[in-house]
Structure formats: C-alpha cells, structure tokens
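In what follows, a structure is listed as structure tokens, so that the remarks can point back to it.
The values are calculated or read from the model by the stated rules, or taken from the named source; none is laboratory data. As the structure is a prediction and not an experimental result, all values here were calculated from the model. Ideal geometry is used to build each Cβ from the backbone, glycine not excepted, and the neighbour counts take in all protein chains shown. Just so you know, the surface numbers come from the protein's heavy atoms only, side chains and all, with ligands and any DNA or RNA stripped out. Shrake-Rupley method; radii C 1.70, N 1.55, O 1.52, S 1.80 Å.
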Amino acid sequence: MTSSLEAGIHSIAELSRGASDLLLHSTRQKPLAKGQVLLPEGQVCKTIWYVEKGYLRTFYNKDGKEINTRFSFENEFVTDLKSLRSGAPSAFWIQAGEAAVVWEFAKETLLDLYRQSAEIESFGRNLLEQMLVVQEDHANLFRIHSPTERYAYVARHFPQLLQRVSLSQLSSYLGMARETVSRIRKNR
C-alpha cells in the first residue's frame with residue numbers, strides 16, 4: 001500500500017492498525033491517462049477516489065461549454081456526493097486532467113466495512129463532512145467575492161490551479177471570461 005493513501009486516510013480519522021489495514025486492503029489502485037473519464041454524466045456514482053498523483057477535474061456541460069466546478073489534486077478525495085448518496089444519475093463528469101494515479105473506494109465495500117468497524121464508519125462520516133466543507137467553501141467563493149477577489153483567493157490558497165490548469169479551465173472554474181482572468185493576472 002502507498003504511504004500517501006495511508007496518510008490521506010489518517011488525515012481524516014485516526015484508525016487502529018487493524019481498521020487501517022482493512023480499509024487499505026479494500027481499495028484498488030488505478031492509473032489514468034490524461035482525459036480518461038472516471039464518471040460520465042448520467043451514470044450513478046458508486047466510487048470515492050483518492051488522488052495519489054496528478055489531478056481530476058469535475059465539470060458539467062452547459063450549452064456545449066464545459067463548466068469546471070472542482071479540481072482535485074494530490075492527497076484529496078473526490079466523488080459526486082449527491083449521486084453517491086442518493087443513487088441519482090450524476091450531473092457531472094469526473095476526468096483526469098493529466099496522467100494520474102487514483103485509489104478507488106467502492107461504495108458497497110465501504111458500506112460493508114462500516115458495518116464491520118465503528119472506526120471505519122467514523123472515517124466515512126468525517127470524510128463526508130470534509131467533502132461538504134469543500135463544496136460549501138467553493139459556493140461561498142462565488143457568493144462573497146468579486147472576480148478579482150476570487151482570483152486572489154485561488155492564488156493564495158490553491159496556487160497549483162494557476163500552475164497546472166489551462167487558462168480556459170481556470171476561467172470556467174472562476175466564472176469569468178478568459179480575457180478577465182488574463183487582465184487580472186496582468187494587473188497583479
């Protein structure tokens with residue numbers, strides 16, 4: 001098992017060696033090529049992914065245009081929470097933004113582990129809460145901040161976005177035209 005995955009798990013919840021081994025052995029490593037789709041729109045999400053290397057992007061299509069809603073880099077967990085929890089078809093795509101390596105946690109396997117171990121169930125609850133906080137932070141970025149403030153926030157808290165994501169994808173994520181992002185960059 002990878003120490004990165006183990007560290008990611010322990011950043012969510014402290015587990016005993018037995019619970020940690022049980023959780024680690026329930027995962028599957030998956031290498032991804034750039035552009036490879038993990039979750040297509042319309043499919044029910046049945047997996048949580050942990051990004052060991054590379055990044056994943058979450059997006060939807062509107063009027064033929066891709067709107068990016070999240071970028072998940074190394075040591076982050078990602079899923080479509082609504083689809084995972086409700087069984088509804090996903091409104092989003094999750095795709096590798098560059099060559100990546102992820103670890104897959106199958107929903108049904110996790111549910112079985114929750115029944116076997118209170119520690120793993122606690123891990124799952126903590127992970128869900130962490131993912132909800134990330135979603136709320138992203139929503140607040142748009143409720144509270146102007147375009148220039150959004151860019152500054154991302155530059156300060158998520159510099160990897162500016163270094164690894166294309167200008168088109170970044171501008172879509174920030175809810176701005178490419179020209180606006182270019183102008184903000186130039187004035188900084």
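General observations
- Here E108, E119 are screened, and the one residue that is in contact with a Gly (Cβ under 9 Å, 6 or more places away or on another chain), open to solvent by 50 Å² or more (accessible area, probe 1.4 Å), part of a helix (DSSP H, G or I) and at pLDDT 95 or above is E119.
- For region 66-92, a tally of residues being in contact (Cβ under 8 Å) with a residue 24 or more places away in the chain and under 20 Å from Q29 (Cα atoms) returns 10.
- Within region 134-188, helices (runs of 4 or more DSSP H) holding 2 or more residues that are closer than 20 Å to A96 by Cα and either free of Cβ contacts under 8 Å to residues at least 24 places away in the same chain or in contact with a helix residue (DSSP H, G or I) (Cβ under 9 Å, 6 or more places away or on another chain) (or both): 159-164, 167-174
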